[in-house]
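Below is one structure, written out as structure tokens; comments come after it.
Values in this text are rule-based calculations from the coordinates and carry no lab data. These figures come from a predicted structure and were not determined experimentally. Cβ placement follows ideal geometry from the backbone for every residue including glycine, while neighbour counts extend to all protein chains displayed.
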Amino acid sequence: MENRDSSVQEDDGKGIRMRLRNIPGSEEALEKSAYVIDEPFEMRGNWKKVFGNDHPVRIEIGMGKGRFIIEMAKQHADVNFIGIEMYSSVLVRAVQKLNDGRHVWEDSFEGEEELEIPNLRLLRLDAKDLEQTFAPGEVERIYLNFSDPWPKDRHAKRRLPGREFLGIYDKVLAPEGRIEFKTDNRSLFDFAVEELAPAGWKADVITYDLHADAALMEGNVMTEYEEKFSAKGNPICKYIIHR
Ligand SMILES: C[S@@+](CC[C@H](N)C(=O)[O-])C[C@H]1O[C@@H](n2cnc3c(N)ncnc32)[C@H](O)[C@@H]1O
């Protein structure tokens, strides 16, 4: 597996340079984990075979430490979930969660856990490569949760709800497919809403205070960022969109 963490200085999307910790043993842990698909391009068009059923496939792009996708998979056994994260050092935290919280550097970490959640897989992948990973229409729903805001204009193309990425999602999403996006970052959300019409998308739902909307909160699974920022009193914005 290619190591994307070799450059330890990364922009965190807020314009802040942060150090991505290179976690010793993380590559090996990912390779060993039964949840992590090492060669995702080879599964293109064959995800039903990977899961061994015809259930719809939903993906989260930028899953971080994986709380949302793991919980969604536990709650919806009749849906297949794929969590996507571009950094090994972050993805390994999700693997650690699935490994009963054991750290990769602990002797007790085996990384060869059984698939206790059979409808879950994880990919170390850049969203730019979605078309190489999924055939047209193979994805039923895309979740974007607290995507990095990339506030500088020159980085706008890196924003996951931006029109370039909407063009990529269009290629892999089923005709009736939906994208769900949550964030507490109002500027990013305003940008995301402005991107919809030019890219040919329409909103089913737009809210600027998700947690105040009882109907939308039904079945809402909080992400790590959602818990952190809503606890600080930040309202959470959400849209659900289709073409
Ligand atoms: C701010 S975190 C949010 C994590 C999680 N979704 C949450 O809500 O707690 C954004 C995550 O998206 C990942 N990410 C950013 N751009 C990505 C891309 N192009 N492809 C895959 N993951 C990406 C980052 O590495 C980071 O882990």
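When the dipole is taken about the Cα centre of the chain, and only Lys, Arg (+1) and Asp, Glu (-1) are charged at their Cβ, what size is it in debye, to the nearest 20?
Value, rounded to 20: 840 debye.
Counting only residues 5 or more places away or on other chains, whose amide H sits under 5 Å from the amide H of Phe81 once H atoms are built in the peptide plane?
So Phe81 has HN proximity to Arg58, Leu120, Arg121.
To make sure I understand, if each residue's beta carbon is the centre and we count other beta carbons within 10 Å, what order do Glu180, Glu138 fall in, fewest to most?
Glu180, Glu138
Which order do the peptides 86-95, 38-47 come out in when sorted by mean C-beta neighbours inside 10 angstrom, highest first?
Ranked from most to least packed, the peptides come out as 86-95, 38-47.
Once phi is turned into θ = phi - 60°, what whole-Hz ³J(HN,Hα) does the Karplus curve with 6.51, -1.76 and 1.60 give for every residue of segment 52-60, x standing for Gly and Pro?
Going residue by residue, I get x, 7, 9, 5, x, 10, 10, 10, 10 Hz, with x marking Gly and Pro.
Between Glu140, Glu28, Glu226, find the one with the highest GNM mean-square fluctuation for the chain; connect C-alpha pairs within less than 10 Å.
Of Glu140, Glu28, Glu226, the Gaussian network model singles out Glu28 as fluctuating most.
Under 18 Å Cα to Cα from Lys128, which lysines show up? Leave out anything in the same chain fewer than 8 places away.
Filter leaves Lys157, Lys171.
Explain nothing, just compute: Karplus ³J(HN,Hα) = 6.51 cos²θ - 1.76 cosθ + 1.60, θ = phi - 60°, for every residue of segment 165-171 in order, whole Hz, x for Gly and Pro.
Whole-Hz 3J(HN,Hα) from phi for segment 165-171: 6, 4, x, 6, 4, 4, 6.
Bin width 10 Å, alpha-carbon pairs only: give the P(r) of the chain as whole percents, running from 0 to the bin holding the largest distance.
The calculated distribution, bin by bin, is 7, 31, 38, 21, 2, 0.
Could you check the spin-label model distance between His155 and Ala212? Points 7 Å from the Cα along Cα→Cβ, value in nm.
According to this spin-label approximation, the distance is 3.0 nm.
Among DSSP beta bridges whose residues both lie in the chain, state the antiparallel percentage, nearest 5.
40
For a footprinting-style exposure proxy, rank His242, His76 by other Cβ within 10 Å, fewest first.
His242, His76
What are the ³J(HN,Hα) values, in whole Hz, obtained from phi via the Karplus relation 6.51 cos²θ - 1.76 cosθ + 1.60 with θ = phi - 60°, for each residue of segment 178-188 in sequence order, with x given for Gly and Pro?
Each residue of segment 178-188 in turn: 10, 10, 10, 10, 10, 6, 9, 8, 5, 5, 5 Hz.
Peptides 57-65, 194-202: what's the order by average Cβ count within 10 Å, highest mean first?
57-65, 194-202
Over the chain, with a Gaussian network built from C-alpha contacts below 10 Å, which listed residue (Gly233, Gly177, Gly137) shows the highest mean-square fluctuation?
Evaluated over the chain, the most mobile residue of the options is Gly233.
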